[in-house]
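Asker: The structure is given below, and queries will be raised subsequently.
The numbers here are math on the coordinates, done by the rules we state, and not lab data. Keep in mind the model is a prediction, meaning the values are calculated, not measured.
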Amino acid sequence: MPPQLPSGASSAPPEFHGLVDVGGYRLNAKLSGQGRTTVVFESGGGSLLEGWASVEALIRPFARVVTYERAGVGNSDYPPSNYPGTSATGALRTLLLALGVSFPIVLVGHSLGDFFARGYAAHYPEDVAGLVLLDTRDARFYEQLSPHLPPKTDTESPGLARLRAITSFYVGGNSANRP
């Protein structure tokens, strides 16, 4: 049975790795390190939280570190079928509150994660002390990519299917919600 975290900062464990309920589904998250500053990593594409392990090792002696997997990635649950892309922002905030993170945070967005990081900063500016964007994409990247994707097949790779879904989100009707 996965560990259950109580809500609220006072009951948060100093270190944690497991599944956290964020409102009907669970996100795989890791909280480590020490210090007053909390650095939250927003991964690119379908990257797993372990992808930040070498960076985490360097900063956890002086900062709290949160890595996690968005809904449908890695060990996180798939989101509900009516899950708009903007829900990722609320899910991250719910996760951070459940982990007992102190605000403001430093938010690091890598590749596709930069969209989610910028969206979080736009929705919760009081939560964010700093924003670091790595390997970012122009807001029109997915619009330019869309015509170059191959036709959909029943045997396409999971990576291509994920890229197609992300592209559809940013090019389709949800583009107005783009951070």
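Asker: Using only the Cα atoms of the stretch 62-168, construct the convex hull and provide its projected area averaged over every direction, in square nanometres to one decimal.
Answerer: So the Cα hull casts an average projection of 8.2 nm².
Asker: Quick one: Debye curve from the alpha-carbon atoms of the stretch 66-128 only, equal weights, vacuum; give me log10 I(q)/I(0) at q = 0.18, 0.20, 0.22 Å⁻¹ to two decimals.
Answerer: Computed log10 I(q)/I(0) values: -0.66, -0.82, -0.99.
Asker: Through the Karplus equation 6.51 cos²θ - 1.76 cosθ + 1.60, θ set to phi - 60°, convert the phi angles of the stretch 14-25 into ³J(HN,Hα) values in whole Hz; use x for Gly and Pro.
Answerer: Computed from phi, the couplings for the stretch 14-25 are x, 9, 7, 8, x, 8, 10, 6, 10, x, x, 8 Hz.
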